[in-house]
Amino acid sequence: MRFAFLTILGCFISIFPAQATPITKDAANAYYQNCLAQPADGLTQKSKEMLCACTAAKMMERMNVEDIQAMAQQNEDGRKAMNYMIVKVYAPCMSFPAKDHYYNNCITNPQTKALSRNPQGLCNCMATKVANYLGENGSQVFEDILRRNPTMTDPMTALTEDQNFKNYAQTQLMSCVVQ
């Protein structure tokens, strides 16, 4: 699954004035509406709505217009601003798309049926554990990923391709088998 992360940010950047000001409710709502309009393969509509609402709210809490404008720069300051956004805005909201992603991957994996007579329950258990972990530790997880991959642009792809997190998800799956 690839969420249109950069597309949404690109559209959001254009709605701000040049001076540094807090992100307004109107600007956050514009971001939310644009976020909803983007394709999000693998996400349920509810998860997409939750992700968009969460990131819009976190932007208002954690960022200002200057931060958003800095992300558009193709230099070190732009990268720092992007990484800040990933860790402080996007990461705390990752539990929504992650739950869908890990459930879908689990339930469509032919090996899952060999692990349990109830693959739906098994996959829901694992996806819930992964989502809960990200809800509590998402910022730390993405700080770690960014240390290894400092130029990543798609948080979901970075998460699902990160070997450390793959190992974590596998451990959670196996913990659900023995329950």
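Read-outs: derived from the displayed coordinates by stated rules, not from any lab. The structure displayed is predicted, hence computed values, not measured ones. Here the Cβ is made from the backbone with ideal geometry for all residues, glycine too, and neighbour counts use every protein chain on show.
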> For the stretch 134-179, what are the residues that are in a helix (DSSP H, G or I) and charged (D, E, K, R)?
Replying inline: Glu136, Glu143, Asp144, Arg147, Arg148, Glu161, Lys166
>> Could you go through the stretch 116-125 and let me know if any residue there is closer than 21 Å to Met50 by Cα, surrounded by 19 or more Cβ atoms within 10 Å (Cβ to Cβ) and under 11 Å from the mean Cα position of the chain (by Cα).
In response: no
> Of all residues in the stretch 48-95, which are among the acidic types (Asp, Glu) and free of Cβ contacts under 8 Å to residues at least 12 places away in the same chain?
Replying inline: Glu61, Glu76, Asp77
> What number of residues within the stretch 96-110 are over 17 Å from Asn167 (Cα atoms) and touching a residue at least 12 places away in the same chain (Cβ under 8 Å)?
Replying inline: 5
> Residue check: is Ala158 free of Cβ contacts under 8 Å to residues at least 40 places away in the same chain, over 19 Å from Cys176 (Cα atoms) and among the aliphatic types (A, V, I, L, M)?
Replying inline: yes
